[in-house]
Amino acid sequence: MSPMPHTGTGPRSSRPPLWRYNPENLATLERYVETQAKENAYDLEANLAVLKLYQFNPAFFQTTVTAQILLKALTNLPHTDFTLCKCMIDQAHQEERPIRQILYLGDLLETCHFQAFWQALDENMDLLEGITGFEDSVRKFICHVVGITYQHIDRWLLAEMLGDLTDGQLKVWMSKYGWSADESGQIFICSQEESIKPKNIVEKIDFDIPWFSQGETAV
């Protein structure tokens, strides 16, 4: 990946935090967003700096760059990056294409309407131009949701949730997460004993009864 000027945080920092909000650095940050998209990398801090600069300098707003930032944020679900980025975009810009379409895709993912997500994405595949690894990143998020939600799931349903995968493709994802299938078409995700881990809670209660004097016995 192309080197990115340090944005002022972390142990290597010698720049003040406000460096990243200098509009003279916007072009560098925008190129860095494009690099992230092409190389399947991710830097939330730098991307938020771009959106903050757009807030400070509305005339510099770039729809394409903002769309890339939102798509990259979706690849980091279930973290809240997408919501953070969305909150920094003016309402008027949120109604523009392709930002409006990406926000809709994000809403479908966050509400776990996975089949509807893939259908909507199929109708807007041009959004992914220049974005490497987007679909597999989304599938990782979906597998995360499946793993904490299901003990068993129908094979056909999981294939649909992951984007109408072929049997061979589905087996790759099952292997990645250690899921197994039986002859009836059910996929074993985890047992209840594995998903629910009991925890012993020990609570110490001190009884302080000041009205008992030394030598007295409570009845």
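The values are calculated or read from the model by the stated rules, or taken from the named source; none is laboratory data. Given the structure is predicted, the values throughout are model-derived calculations rather than measurements. Here the Cβ is made from the backbone with ideal geometry for all residues, glycine too, and neighbour counts use every protein chain on show. Only protein heavy atoms, including side chains, enter the accessible area calculation; ligands, DNA and RNA are left aside. Shrake-Rupley method; radii C 1.70, N 1.55, O 1.52, S 1.80 Å.
Side notes on the structure shown:
- Multiplying the residue separation of residue 56 and residue 148 by 0.36 nm and removing their Cα-Cα distance gives an extension gain of 29.1 nm.
- Computed on protein heavy atoms with a 1.4 Å probe, the accessible areas place 86, 38, 52, 72 in the order 38, 86, 52, 72, largest first.
- Accessible area of the stretch 16-125 belonging to carbon and sulfur atoms, whole % at 1.4 Å probe: 52 percent
- Solvent exposure, largest accessible area first (probe 1.4 Å, DNA, RNA and ligands not counted), of 146, 172: 172, 146
- FRET efficiency, residue 90 to residue 41 (Cβ-Cβ, R0 22 Å, nearest 0.05): 0.25
- GluC sites (Glu not before Pro) restricted to the stretch 66-116 and DSSP loop, no more than 14 other C-beta within 10 Å: 95
- Percent accessible area from carbon and sulfur atoms, the stretch 131-196, protein chains only, probe 1.4 Å: 49 percent
- Per residue accessible area of the stretch 122-162, 1.4 Å probe, in Å²: 51 Å²
- Working note: Karplus 6.51/-1.76/1.60 with θ = phi - 60° gives the stretch 106-117 the couplings x, 5, 5, 5, 5, 9, 6, 8, 5, 4, 5, 4 Hz, where Gly and Pro are set to x.
- The mean sequence distance of close C-alpha pairs (under 8 Å, at least 6 residues apart), as a share of the length of the stretch 35-111, puts its relative contact order at 30 percent.
- For the set 125, 88, 174, solvent exposure ranked by accessible area (probe 1.4 Å, protein chains only) runs largest to smallest as 125, 88, 174.
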